[in-house]
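Okay, so here's the structure we're looking at.
The values are calculated or read from the model by the stated rules, or taken from the named source; none is laboratory data. In this text, all values refer to a predicted model and were calculated from it rather than measured experimentally. Heads up, the Cβs are rebuilt from the backbone with ideal geometry, glycines too, and the neighbour counts pull from every protein chain shown.
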Amino acid sequence: MNRMLTIFKREFRGYFATPVAYVFIVIFLFLTGLFTFYIGSFYERSQADLEPFFRYHPWLYMLLIPAISMRLWSEERKSGTLELLMTLPISLADAVIGKFLAAWAFTAIALGLTFPLWLTVNYLGNPDNTVIAAGYVGSLLMAGGFLSIGACISALTRNQVVAFVISFVICFAFNLSGFPLVLDFFSGWAPQAVVEAIGSFSFLTHFNSIQKGVIDLRDVIFFATLIALWLYANMLAIEHSKGH
């Protein structure tokens with residue numbers, strides 16, 4: 001645990017050692033405000049909730065999370081520090097989980113800085129803050145899912161741009177898998193069980209139920225299992241890269 005914490009602190013401090021972290025936070029806050037107030041018609045709806053704010057998180061994360069995760073391992077491989085990291089008295093699991101948790105904590109800070117929206121909706125009306133809290137929990141879980149995918153892909157290449165593009169495509173696929181258009185395509189020739197399995201992988205499906213205030217254990221298990229599987233794949237990718 002102490003070794004994992006060491007990696008976590010090292011990575012977390014690294015985010016704020018360059019202007020990149022601050023640029024990301026500013027862009028994230030700007031885009032969330034843009035989608036909430038203008039595209040989501042926050043004021044026009046005349047409803048005291050943050051549904052327009054959470055509605056676009058899957059699409060924002062699909063673009064912004066790969067920008068965070070692309071450097072997690074690609075930079076280590078490109079600079080040659082991966083070999084040095086692996087010679088330290090830490091386990092591979094400590095390194096993978098520590099890096100992931102640092103990126104997740106950084107994302108949590110960016111998400112937490114949207115609290116003025118919560119203050120605004122409470123000033124304008126009497127929202128159900130339990131539902132809003134559930135939305136934040138669901139958003140953070142979904143961000144963790146996106147990050148675990150990006151971290152794994154980052155471990156497979158030295159090129160950060162390649163890592164970003166591949167992560168974006170996979171995250172896009174997870175978002176789209178529950179769309180009727182996609183399900184209709186598969187339902188024409190695939191067994192119903194396969195169609196239902198594809199639909200069950202949709203981030204939108206699991207997140208939408210949570211953001212409505214219903215924290216179903218199945219949705220939590222989905223994101224937790226997804227994160228665990230991608231982090232395990234992350235470890236396998238690092239093990240493979242050590243041999244090359």
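Once the stretch 34-54 is narrowed to residues that are touching a Gly at 6+ places or on another chain (Cβ under 6 Å) and part of a helix (DSSP H, G or I), the residue that is surrounded by the fewest Cβ atoms within 10 Å (Cβ to Cβ) is PRO52. Candidates in the stretch 1-51 are the residues that are of a type in the set (S, T, N, Q) and more than 18 Å from the chain's Cα centre (by Cα); of these, the one that is farthest from THR114 (Cα to Cα) is ASN2. Out of GLU11, GLU44, one residue alone is acidic (Asp, Glu), touching a residue at least 60 places away in the same chain (Cβ under 8 Å) and at negative phi. It is GLU11. Can you pull out every residue in the stretch 88-108 that is over 14 Å from ALA233 (Cα atoms) and in a helix (DSSP H, G or I)? Within the stretch 88-108, ASP94, GLY98, LYS99, LEU101, ALA102, ALA103, TRP104, ALA105, PHE106, THR107, ALA108 meet the criteria. Can you spot a residue in the stretch 72-83 that is closer than 26 Å to PHE207 by Cα and either buried (at least 19 other Cβ atoms within 10 Å of the Cβ) or at pLDDT below 90 (or both)? Yes, the stretch 72-83 contains at least one residue that is closer than 26 Å to PHE207 by Cα and either buried (at least 19 other Cβ atoms within 10 Å of the Cβ) or at pLDDT below 90 (or both).
Before we move on, is THR18 among the polar types (S, T, N, Q) and not in a helix (DSSP H, G or I)? For THR18, the condition - among the polar types (S, T, N, Q) and not in a helix (DSSP H, G or I) - is met.
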